[in-house]
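Note sheet for the following structure.
Computed from the coordinates by the stated procedures, all read-outs in this text should not be read as laboratory data. Quick caveat: nothing in here was measured; it's all calculated off a predicted structure. All Cβ positions, glycine included, derive from the backbone under ideal geometry; neighbour counts span all protein chains shown.
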Amino acid sequence: MKAEEGGIYRSRLRRPMEAEAASYLSSLTEDVEIFEEDVRGTEAHVVMLCEQGIIGRGDAGKILQALESLRKEWREGKIRLDPERFEDVHELVEAYIIAQTSVEVGGKTHTGRSRNDQVALDIRLRLRRRLLELWEAVLRLAERLVERAGEEENTLLLLYTHTQQAQVSLLSHLLLAYADHLLRDLERLEACYRRVNRCPLGASAIAGSTLPLNRLRTAELLGFEGLVENSADAVSGRDFLLEAAASCSILMVHLSRMAEDLVLWSSSEFGYVELPDELASPSSVMPQKKNPCLLELGRAKAGRVLGLLSALLSLLKGVPTGYSRDLQEAKPPLWETLNQTISTVRIFEKIFEGLKFNRERMAEAALQSYAPAVDLAEALVKHAGLPLRQAHRLVGETVRLALERRVSLREAYSLLEEASMKLLGFKPAFPRRLYERYTDPRRLPAERLTQGSPNPREVKRMLRERRETLKRWRLKLRKLLRNLERAEAMLGREVSKLSKGKA
Ligand code: ARG
C-alpha cells in the first residue's frame with residue numbers, strides 16, 4: 001500500500017496541509033512533555049491488544065521493539081520534532097512504528113484507540129508524576145516549617161491584623177500556622193491525584209469500540225487505580241487538570257502571603273527576619289542593599305499561576321462535550337503551572353531553611369507594644385467581673401491616656417484606675433499584681449486557655465501532632481510511588497516477554 005501524502009491520517013483529504021497552517025495546528029513541540037508517556041501508553045495498549053487476541057504475538061513483538069528503539073533514540077536526542085510534518089506526538093510515534101516495521105504490522109498499533117483517549121491518557125500519566133513531585137516538595141517545606149517551629153518554641157512574636165499590632169504570640173505558633181496551610185494543600189493534592197490516577201484508554205473517539213478491548217488490563221499495566229468509566233466522560237473531562245491547577249493556585253496564594261510577611265519583616269523597620277546572603281540580591285547602585293528578590297518573585301509567580309488557571313477555565317468553558325481541538329491548548333498552561341509551582345515551593349523550602357529569626361527584635365517589639373490590651377480587658381472580665389464591653393472601654397481609655405503621657409502599657413496601672421474613676425465612678429477590684437501579670441508580654445502566651453492558641457502547652461501538642469501527621473503523609477507518598485514503580489516493572493516484563501518472544 002502506498003503511504004498517504006502529507007501524513008498517515010490524511011486518507012480523506014486530497015492534499016497535504018498548507019505548511020504554515022500545519023505548524024499552527026501542531027502540538028508536536030509542546031508534546032515533549034508527554035513523549036515518554038505516549039510511548040509507554042502505546043506499549044500498554046499493544047500488550048493488551050495482543051493478550052485479547054486482537055493482534056498477533058509476532059506483530060505485537062515487532063511494534064514493541066520499534067517503541068523501544070524510539071525511546072532510545074528520543075533519550076539520545078535523535079528524534080527531530082518537525083511540526084510541519086506531524087500534527088503531534090501521537091502521529092510521530094505511529095509513523096515511526098510504521099516506518100520501522102511496515103504498515104501491515106505497525107498499522108495495527110492504533111487499533112481500538114483514538115488520539116482522544118490517547119492524549120487524555122498521556123496528560124494523566126504525566127500529571128500524575130508531576131503531582132507526586134509537587135507533593136514531595138510541599139511535604140519538605142511543611143517539614144521544614146515544623147522543624148523551625150520546634151526551634152522557636154519560646155520566641156515572642158507580635159501577630160498583626162490590618163498590619164497593626166494585634167496580639168502577643170509566639171513565632172513557633174505562626175510557623176505552625178504556615179505548616180497547617182500546607183497540610184491542607186497536601187489534602188487537596190491527594191484528592192486531586194486520586195481523580196487524575198484513572199485510566200481513560202479504551203474510550204476510543206467518544207463512544208467506545210466494537211473490539212473486545214480489556215480496559216481494566218491497560219489500566220492495571222499503567223498503574224491506574226481504575227477507569228474513567230464513561231467513554232464520553234473519559235475523552236471530554238478535563239476537570240482533573242482544572243483541579244490540579246486550582247490546587248496549585250491555592251498553594252501559590254499561601255506562599256505569596258508568606259512572602260508578604262517575610263518581605264515586610266525583612267525591612268530595617270521591622271528587622272524580624274534576615275535572609276541568608278546566598279538567597280538575597282544586591283542592588284546595582286545602592287551598596288547597602290540586601291533585597292528579598294526571591295520572595296518577591298514567588299509572589300509574582302503566584303500571579304502567573306492564577307492567570308494560568310484562569311486561562312484554563314476560560315478555555316474549557318466553551319468546549320462542547322467530546323473532543324475539540326481547543327483541548328490541545330490546555331496542556332501548556334498546565335505544565336507551566338506545575339513547573340512554576342514546584343520550583344517556587346522548592347525555593348521557599350531553601351528560604352525557610354536559611355532564614356535568620358531576630359529573636360531580640362521580635363521580643364523588643366512585643367515588650368513595647370500595647371497588644372496586651374486584649375488580655376488585660378479579658379482579665380478585667382475574669383477577675384473584676386466587668387462586662388466585656390465595659391472592660392474594653394476602660395482599657396481603650398487607659399491606652400489613650402498612656403499614649404498621651406508617653407508611658408508603656410505595663411507602667412499604666414494608675415491610668416487604669418484614673419480611667420475607671422472617670423468612666424465608672426469607682427476603682428475596679430483589680431490589684432496591681434494582676435495588672436502586671438496581664439500586661440507582661442512574656443507571660444501572656446501561657447495565659448491563653450483556648451485550643452489552638454499560642455499557649456506553650458498547646459504549641460508543644462500541635463508540634464507533636466503535626467510531626468505525626470507529616471510522617472503519615474510521607475508514608476502515603478512512598479506507597480503511591482511504589483505502586484507506580486510496581487506497575488512500571490509489570491509492564492516492562494510483559495513488553496520484554498513479547499518483544500523477545502518473536503522478532
Ligand atoms: N494533539 C492533540 C491534542 O493535543 C491530540 C488529539 C487530537 N485528536 C483529534 N481528534 N484531532 O489534544
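Some notes on this structure:
- Among residues other than G298 with Cβ under 14 Å from its Cβ, the summed charge is +2 (Lys and Arg +1, Asp and Glu -1).
- The modelled label-to-label distance for the pair V285/T450, using points 7 Å beyond Cα in the direction of Cβ, is 4.9 nm.
- Of the trypsin sites (Lys or Arg not before Pro) in the stretch 364-446, the ones in a loop by DSSP (not H, G, I, E or B) with at most 11 other beta carbons within 10 Å are R405, R406.
- Lys/Arg +1, Asp/Glu -1 at C-beta; the stretch 76-147 dipole; positive extreme among H90, G77, A137: A137
- At full extension, E190 and T161 could sit 7.3 nm farther apart than now, given 0.36 nm per residue minus the alpha carbon distance.
- Of the DSSP H helices in the chain, those with a Cα length along their own long axis of 30 Å or more and a mean Kyte-Doolittle hydropathy reaching -0.5 comprise 115-151, 171-196, 239-265, 293-317, 331-354.
- A cut-off under 14 angstrom between Cβ atoms defines the neighbours of G385, and their net charge, with Lys, Arg +1 and Asp, Glu -1, is +2.
- More than 21 angstrom apart: percent of Cα pairs within the stretch 1-135: 44
- Computed magnitude of the charge dipole of the stretch 307-419 (debye, nearest 20; Cβ of K, R +1, Cβ of D, E -1): 200
- Database remark: amide H of V273 closer than 5 angstrom to the amide H of S266, N358 (H placed geometrically; neighbours at sequence offset of 5 or more, or on other chains; Pro and chain starts carry no H).
- A simple charge model with +1 on the Cβ of Lys and Arg, -1 on the Cβ of Asp and Glu and nothing else charged puts the dipole of the chain at about 1300 debye relative to its Cα centre.
- Antiparallel bridge percentage (DSSP; both residues within the chain; nearest 5): 90
- Tail beyond 38 Å, pair distance distribution of the chain (Cα, percent): 46
- Taking label positions 7 Å along the Cα-Cβ direction at both T111 and L264, the computed distance is 6.6 nm, reported to one decimal.
- Per residue, the chain reaches -21500 deg cm²/dmol at 222 nm when only DSSP H runs of four or more residues are counted, each adding -39500 (n - 2.57).
- Count of Lys pairs (Cα-Cα under 28 Å; at least 8 positions apart or interchain) in the stretch 215-336: 5
- Farthest toward the positive end of the dipole of the chain, out of Q165, G425, N197, is the Cα of G425, where the dipole comes from beta carbon charges about the Cα centre.
- Rounded to whole numbers, the Karplus 3J(HN,Hα) couplings from phi for the stretch 27-32 are 9, 4, 5, 7, 6, 3 Hz, using 6.51 cos²θ - 1.76 cosθ + 1.60 with θ = phi - 60°, and x at Gly and Pro.
- Considering only Cα atoms, the convex hull volume of the stretch 374-503 works out to 164 Å³ per residue.
- Loop-located GluC sites (Glu not before Pro) across the stretch 267-306 with a Cβ neighbour count of 14 or fewer within 10 Å are E269, with loop assigned by DSSP.
- Restricting the stretch 398-481 to chymotrypsin sites (Phe, Trp or Tyr not before Pro) that sit in a DSSP loop and have at most 12 other Cβ atoms within 10 Å of their own Cβ leaves F426.
- For a straight C-alpha distance cut-off of 17 angstrom, no lysines are reachable from K78 once same-chain residues fewer than eight places away are disregarded.
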